[in-house]
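Visitor: The structure is given below, and queries will be raised subsequently.
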Amino acid sequence: DAKTTQPPSMDCAEGRAANLPCNHSTISGNEYVYWYRQIHSQGPQYIIHGLKNNETNEMASLIITEDRKSSTLILPHATLRDTAVYYCIVPYGQNFVFGPGTRLSVLP
Amino acid sequence: DAGITQSPRYKITETGRQVTLMCHQTWSHSYMFWYRQDLGHGLRLIYYSAAADITDKGEVPDGYVVSRSKTENFPLTLESATRSQTSVYFCASSSEAGGIYEQYFGPGTRLTVT
């Protein structure tokens, strides 16, 4: 299974881009990378996923390195409401493991 | 209301009691899931269902029972609640089109077992 590693916490100034890194060095060729976030006490929220091409939607952009061993979630203009725990997940089979994630604090 | 709902939102029960947590989704999603989240930890999968009448165990199924007689409902029953089952329980669903891992979560049920 492809384990993911994320920094435990990050700060970002409001209005700036938030770049959240994730290492998944053991990812295999057909495994996707998923990103979720969990705002305090709420249910997790799906953000985006990708295989090898960069992806963008209304919430965020996902940049995956060419070797697919790491990825970066980008929130282009972070707001206070983006303060949350962000989870990077590489699922396989029925395993869909939410690890400790990165606690992003957006500061005014 | 459209979406995924859970009830009750808060529940206090005593050790040994049976308690059922309800989950209802209006999207007709094929897949449904139950997770638990303990204070300061990530989510752990309890059970999941690929369709009505099809269920399977996740990482931590002991002490829990599920059923899925209708596509939209996926109740979780604690047959004899224990203090270790004090947790926040999240239900989620996903569609065939979006894929099993593009999950949409309910607001959670905070369960306390005394």
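The values are calculated or read from the model by the stated rules, or taken from the named source; none is laboratory data. Note that the coordinates shown come from a computational prediction; the quantities given were computed from them, not determined experimentally. As a convention, Cβ positions derive from the backbone with ideal geometry for all residues, glycine included, and neighbour counts pool all protein chains shown. The accessibility values were calculated without ligands, DNA or RNA, using every heavy atom of the protein model including side chains. Shrake-Rupley method; radii C 1.70, N 1.55, O 1.52, S 1.80 Å.
Visitor: Which Cys residues of the protein assembly as shown have no other Cys beta carbon under 4.7 Å away?
Guide: Result for the protein assembly as shown is A:Cys12, no neighbouring Cys Cβ within the cutoff.
Visitor: Turning to a different aspect of this structure: In whole Hz, what ³J(HN,Hα) sequence does segment A:29-45 give by Karplus (6.51, -1.76, 1.60; θ = phi - 60°), x for Gly and Pro?
Guide: x, 10, 9, 8, 10, 10, 10, 10, 9, 9, 7, 2, 6, 8, x, x, 10
Visitor: Going down the table (A:Lys3/B:Lys70; A:Lys3/B:Lys57; B:Lys11/B:Lys70), which pairs top 27 Å between alpha carbons?
Guide: Over 27 Å apart, Cα to Cα: A:Lys3/B:Lys70.
Visitor: Which whole-number percentage describes the relative contact order of segment A:1-53, with Cα contacts under 8 Å and a sequence gap of 6 or more?
Guide: Reported relative contact order: 31 percent.
Visitor: Accessible area drop of at least 10 Å² (1.4 Å probe, protein heavy atoms): which residues of segment B:33-47 qualify, relative to the chain alone?
Guide: B:Tyr35, B:Gln37, B:Gly42, B:Leu43, B:Leu45
Visitor: Where does each of A:His40, B:His29, B:His24, A:His24 land when they are ordered by accessible area, with a 1.4 Å probe and the largest first?
Guide: Result, largest first: A:His40, B:His24, B:His29, A:His24.
Visitor: Continuing with this model, one more query. List the residues, sorted by chain then number, that are 5 or more residues from A:Ile48 or on another chain and whose placed amide H is less than 5 Å from its amide H.
Guide: Amide H neighbours of A:Ile48, under 5 Å, 5+ apart: A:Trp35.
Visitor: Under the definition of partner shielding as Cβ atoms of other protein chains within 10 Å of a residue Cβ, what is the mean value for peptide A:30-41?
Guide: Going residue by residue through A:30-41 and averaging, the value is 2.
Visitor: Further question on the same structure: Just want the answer: with Cβ charges of +1 for Lys and Arg and -1 for Asp and Glu, which residue in A:Asn95, B:Ile46, B:Ser87 is farthest toward the dipole's positive end in the protein assembly as shown?
Guide: Of the listed residues, the answer is B:Ser87.
Visitor: Mind listing the phi-derived Karplus ³J(HN,Hα) values for segment B:72-79, rounded to whole Hz, using 6.51, -1.76 and 1.60 with θ = phi - 60°, and x for any glycine or proline?
Guide: 7, 10, 8, x, 10, 10, 9, 5
Visitor: A further question follows. Could you tell me how far the Cα centroid of segment B:26-104 sits from the Cα centroid of segment A:30-108, in Å?
Guide: Answer, in whole Å: 22.
Visitor: Mind ranking B:Glu72, A:Glu58, B:Glu96 by accessible surface for me, highest first, 1.4 Å probe?
Guide: Descending accessible area places them as A:Glu58, B:Glu96, B:Glu72.
Visitor: With every protein chain kept in the model, how would you rank A:Asp67, B:Asp56, B:Asp38, B:Asp62 by accessible area, 1.4 Å probe, largest at the top?
Guide: Order by accessible area, largest first: B:Asp62, A:Asp67, B:Asp56, B:Asp38.
Visitor: Keeping every protein chain present and rolling a 1.4 Å probe, give me the accessible area per residue for chain A in Å².
Guide: Value for chain A: 53 Å² per residue.
Visitor: Taking the Cβ of B:Arg68 as the center, what net charge do the other residues with Cβ under 13 Å away carry, scoring Lys and Arg +1 and Asp and Glu -1?
Guide: Its environment carries a net charge of -2.
Visitor: Shielding by partners for B:98-104, please: the mean number of other protein chain Cβ atoms within 10 Å of each residue's Cβ.
Guide: For peptide B:98-104, the averaged partner shielding equals 5.
Visitor: Give me the accessible area buried between chains A and B, both sides summed, with a 1.4 Å probe, in Å² rounded to the nearest 100.
Guide: Using a 1.4 Å probe on protein heavy atoms, the buried area is about 1400 Å².
Visitor: List, in order, the whole-Hz ³J(HN,Hα) value for each residue of segment B:105-112 obtained from phi through the Karplus relation with A = 6.51, B = -1.76, C = 1.60 and θ = phi - 60°; use x for Gly and Pro.
Guide: Taking θ as phi minus 60°, the curve returns 9, x, x, x, 10, 8, 10, 10 Hz for segment B:105-112.
Visitor: Now for a different question. Which listed residue (A:Asn19, A:Ser9, A:Tyr34) has the Cα farthest towards the positive end of the charge dipole for chain A, taking +1 on Lys and Arg C-beta and -1 on Asp and Glu C-beta about the Cα centre?
Guide: Highest projection toward the positive end goes to A:Ser9.
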